[in-house]
Amino acid sequence: MMLCRRVLLALPVAVAARAVAAQSTWYAVRGPGNAFFVDMPGEPIYKVIDTQSPGGTAFAYHSYSLEYRRLSFVAQTALLPADIDLRQPRAYLQSVLDDRAQRLAGGKWTSVNWRDMNGVPAAESIGSVQGGNVLRQLVLLKGRRYVSLAYLAPADAQRTPEADRFFGSLRLGA
């Protein structure tokens with residue numbers, strides 16, 4: 001009887017310890033050359049995606065993606081080549097938003113919030129995707145460095161502690 005009572009008393013402590021351990025599995029992602037830092041709820045898959053500017057200059061996107069439960073997290077960055085016109089950063093970011101909006105339900109964002117983030121132009125946007133999911137993204141431009149955070153989740157999980165930590169943890173580097 002005493003052993004059973006000890007096991008029952010220890011069970012909540014073990015469950016709480018496991019919950020704390022699950023919360024502490026966050027992984028600090030460091031972009032190439034310390035371009036940015038962001039926290040993700042696990043170790044992401046890293047890929048280099050080769051692409052070209054409209055003028056034909058080759059460059060690479062560095063992509064970090066993670067599927068976590070029913071949530072998707074993606075952080076991407078690229079050092080944009082000189083033939084991409086960045087004299088009006090907001091216009092460039094708007095073109096990125098317009099391009100991505102083509103994949104949204106209805107072809108447009110539900111909301112776009114423009115702001116300055118640590119002295120650089122940024123836009124946070126939210127839009128519905130086919131199948132009932134919602135895409136939340138943050139795009140910014142620091143000089144020629146482009147950074148994008150994206151979070152895809154069911155509509156009822158648009159604002160979760162994981163999403164808030166992911167977006168809130170972004171720090172720009174060199």
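Using the Cβ of residue 39 as centre and a radius below 15 Å, the other residues enclosed give a net charge of 0, where K and R count +1 and D and E count -1.
Computed from Cα atoms, the angle from the helix 2-23 axis to the main principal axis of the chain rounds to 10 degrees. Derived scalar couplings between HN and Hα for region 83-91 equal 7, 8, 6, 10, 5, 10, x, 5, 5 Hz in order, rounded to whole Hz, by the Karplus curve 6.51 cos²θ - 1.76 cosθ + 1.60 (θ = phi - 60°), x for Gly and Pro.
Which entry in [x] 121; [y] 139; [z] 163 matches volume of the Cα convex hull per residue in Å³ derived from the coordinates of this structure? Derived directly from the coordinates: [y]. When only the Cβ of Lys, Arg, Asp and Glu is charged (+1, +1, -1, -1), the dipole of region 95-147 relative to its Cα centre reaches about 140 debye. Net charge of the neighbourhood of residue 90, taken over other residues with C-beta under 13 Å away and scored Lys/Arg +1, Asp/Glu -1, is -1.
Across region 151-156, computed HN-Hα scalar couplings (Karplus, 6.51 cos²θ - 1.76 cosθ + 1.60, θ = phi - 60°) run 9, 10, 7, x, 3, 6 Hz from first to last residue, x flagging Gly and Pro.
Taking the average, over residues, of other Cβ atoms within 10 Å as the packing measure, peptides 130-138, 144-152, 101-109 rank 144-152, 130-138, 101-109 from highest down. Taken about its Cα centre, the chain carries a charge dipole of about 480 debye when Lys and Arg each add +1 at the Cβ and Asp and Glu each add -1 at the Cβ.
Throughout, read-outs are computed from the coordinates displayed, never taken from laboratory work. A quick note: this is a predicted structure, and the numbers were derived from the prediction, not measured. Using ideal geometry, Cβ is built from the backbone for each residue, glycine included, and neighbour counts are taken over all protein chains shown.
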